[in-house]
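Just so it is clear, none of the values below were taken in a lab; they were calculated from the coordinates. Predicted model only: the values in this text are computed from it and were never measured. As a convention, Cβ positions derive from the backbone with ideal geometry for all residues, glycine included, and neighbour counts pool all protein chains shown.
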Amino acid sequence: MVTPMQAWIESYLSAQKRAVDTLQPAQLAGLVATLKTAHAADAQIFVAGNGGSAANASHFAVDLGKGASDKLGRRFRVMSLCDNTAWITALGNDYSYDEIFVRQLMNFARPGDVLLSASVSGNSPNLVKAYEWAGAHGLRTIALLGAKRGRLAELAEQAVIIGDTHYGRVEDVQMHILHLLCYAFMEGAAA
C-alpha cells in the first residue's frame, strides 16, 4: 500500500520530470555556443541571481571556473555577482538593493562579455536593471526563467523558459541547465 507521503513524493517527482522535459536541446546548444564564443574571446562571464538562484549562480561560477577550465587550455573568466557580501551590502545601503548587480557590472563589464542569470519570476528589479545596462553596453545576455517569464524574457538575448512556476522545481531545473553547460566543456562535447 502506498502511503500518503509516498504518493506526494511520486507526484513531486513527476512534476519535476515534466519541468525538465520542457527544455529544448537546440536552445541549450545555443547557450553552450555563447559560452564557447566568450571563452575563445577571453570575455568575462558574469552570473547573478537572488535567493536560491544566487546559490545556483555561485555554484555555476565554481563549476565553470574550476571544473570546465581544468579541461581547457585557457581558463574561463567567470565571476558570480552574488559572492562579495561586503560590496553587495555597501551598494544596497548607499544606493539601493536594485543596484547591487548593475553597479558591479559598471566596474568590470566590457562589450562582448556575458551576463547570465537565473530567476524564477524574471522580474527582480536588481536583475532587470543589470540587463537594461548590459543591453545598452554591448554585453551578451542569457536568462534562465520560470514560466512567469517576466521582464527578463524581453531583455535577454537568450531566454530559456522552464515550464513551471514552482520555485523549487524551477531552481532545480536551472541547476540542471547550469551543470549541463559546464559538463559540455568538462566532457568535451563543446570542443
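For this structure, a couple of remarks:
- Whole-Hz couplings from phi, Karplus 6.51/-1.76/1.60, listed for region 42-58; x for Gly and Pro: 6, 7, 7, 10, 9, 10, 8, x, 10, x, x, 5, 5, 4, 4, 4, 5
- Shape of the chain, Cα gyration tensor, a/c cut at 1.5: oblate
- Environment charge at Leu31 (Cβ cut-off 12 Å; Lys +1, Arg +1, Asp -1, Glu -1): +1
- Relative contact order computed over region 4-186 (Cα-Cα under 8 Å; 6+ residues apart), in percent: 25
- Restricting the calculation to alpha carbons of region 45-151 gives Rg and Dmax of 13.4, 41 angstrom.
- Working note: Karplus 6.51/-1.76/1.60 with θ = phi - 60° gives region 130-137 the couplings 5, 6, 4, 5, 4, x, 6, 10 Hz, where Gly and Pro are set to x.
- Around Arg103: net Lys/Arg minus Asp/Glu count, Cβ-Cβ under 14 Å: -3
- Cα centroid separation - region 113-183 against region 66-94, whole Å: 17
- With the highest mean first, a sort of the peptides 23-32, 51-60, 131-140, 113-122 on other beta-carbon atoms found within 10 angstrom per residue produces 113-122, 51-60, 131-140, 23-32.
- Scanning residues 5 or more positions from Ala43 or on other chains, none has an amide H under 5 Å from its amide H, with H placed 1.01 Å from N in the peptide plane.
- Relative exposure of Phe101, Phe76, judged by other C-beta atoms within 10 Å (fewest first): Phe76, Phe101
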